[in-house]
1. What ³J(HN,Hα) values, in whole Hz, does the Karplus curve 6.51 cos²θ - 1.76 cosθ + 1.60 give for the range 124-135 when θ = phi - 60°, with x put for Gly and Pro?
2. With +1 assigned to the C-beta of every Lys and Arg and -1 to the C-beta of every Asp and Glu, and no other charges, what is the dipole magnitude of the chain about the Cα centre in debye, to the nearest 20?
3. Apply the a/c threshold of 1.5 to the C-alpha gyration tensor of the range 70-170 and tell me whether it is rounded, prolate or oblate.
4. Please compute the modelled spin-label separation between ALA136 and ALA165, points set 7 Å along Cα→Cβ, answer in nm with one decimal.
5. In nm², what is the average projected area of the convex hull enclosing the Cα atoms of the chain?
6. Determine, for the chain, the count of lysine pairs separated by eight or more sequence positions (or lying on different chains) whose alpha-carbon distance falls under 25 Å.
7. How do the peptides 76-82, 90-96 rank, highest first, by the average count of neighbouring beta carbon atoms within 10 Å per residue?
8. From the phi of every residue in the range 84-89, what ³J(HN,Hα) in whole Hz does the Karplus formula 6.51 cos²θ - 1.76 cosθ + 1.60 yield, where θ is phi - 60° and glycine or proline is x?
Amino acid sequence: MSALSVRDLVAAYEPDLPILRGVSFTVHPGELVALLGPNGAGKSTLVKAIAGTAPILSGTVQLSDVPIEALPVHEKLARGLGFVPQTENVFTSLSVGENLQLAADRLPKSERQKQIAQVEARFPDLIKHRHHRAGALSGGQRQMLAIGRALIGAPSVLMLDEPSAGLSPRVVGEVFAALQTLNRAGVTIVLVEQNVRAALAIASRALILVEGRIAHEGVPSALLGDDTVADLYLGRKGHVSA
Ligand SMILES: Nc1ncnc2c1ncn2[C@@H]1O[C@H](COP(=O)(O)OP(=O)(O)OP(=O)(O)O)[C@@H](O)[C@H]1O
Ligand SMILES: [Mg+2]
């Protein structure tokens with residue numbers, strides 16, 4: 001069984017201008033796969049297309065071997081696909097508690113409190129801020145809240161789009177440590193990142209998307225050891241070069 005399987009995915013915002021030009025990859029249960037690549041390669045479009053917020057022209061997406069590409073966003077969520085978009089991933093005017101409550105509203109009533117309690121147990125620091133507005137949190141706390149919201153409903157696959165954006169190196173370390181803990185607890189993760197070095201440090205495998213296609217794929221040590229790949233896409237200092 002695969003956790004997530006994408007085949008020949010073509011996605012476009014305008015019909016004659018494909019951004020993803022036939023993307024295929026498989027994520028196995030328990031993996032943490034880093035999705036890397038230059039600016040504009042289509043990384044965000046890829047996770048959005050899988051999540052249902054960017055238009056798919058053709059191709060298939062399977063979650064635990066079940067086709068989901070034609071399902072509406074809320075159905076994908078209900079089937080265990082979690083997504084933390086890069087922006088607007090929390091309601092800034094609502095409190096931390098209200099943000100979690102709102103994420104739980106789509107669940108059957110009997111499960112809501114249990115799911116919220118599980119997230120609270122995972123992120124005890126968040127709970128200290130339960131009554132604070134999400135907009136008043138630090139960048140790292142806000143990202144934890146966004147991840148917490150996505151974990152409500154216990155997704156089998158969690159996709160995140162650049163969770164380290166705008167965070168200090170210390171806080172990036174905290175967020176990535178949280179992702180690693182989640183992954184070790186059994187959550188399969190697809191992590192879009194510009195912060196290549198940090199992503200490769202926790203990834204079991206990496207995909208490099210270039211101009212709408214998977215150009216390279218491998219375990220971090222192999223990609224870093226391939227001079228051409230490292231020079232072109234991983235950067236000597238661990239940054240993606242455009
Ligand atoms: N909503 C949109 N409508 C039209 N074109 C878009 C839209 N979003 C992205 N694009 C275009 O799609 C291409 C891929 O963008 P995308 O955001 O997926 O790349 P990315 O790999 O995530 O880049 P970055 O590293 O900058 O986040 C770019 O040419 C971009 O201009
Ligand atoms: Mg992006």
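1. Ordered by residue, 3J(HN,Hα) equals x, 5, 5, 5, 4, 9, 3, 9, 7, 5, 4, x Hz.
2. Rounded to the nearest 20 debye, it is 760 debye.
3. oblate
4. According to this spin-label approximation, the distance is 2.6 nm.
5. Computing the convex hull of the Cα atoms and averaging its projections yields 12.6 nm².
6. Pairs that pass both the separation and distance tests number 7.
7. 76-82, 90-96
8. Values per residue, Gly and Pro as x: 10, x, 6, 10, 6, 9 Hz.
None of the figures in this text is laboratory data; all of them are computed from the coordinates on show. Everything numeric in this text was worked out from a predicted model, so none of it was measured. FYI the Cβ positions are ideal-geometry reconstructions off the backbone, even for glycines, and counts take in every protein chain you see.
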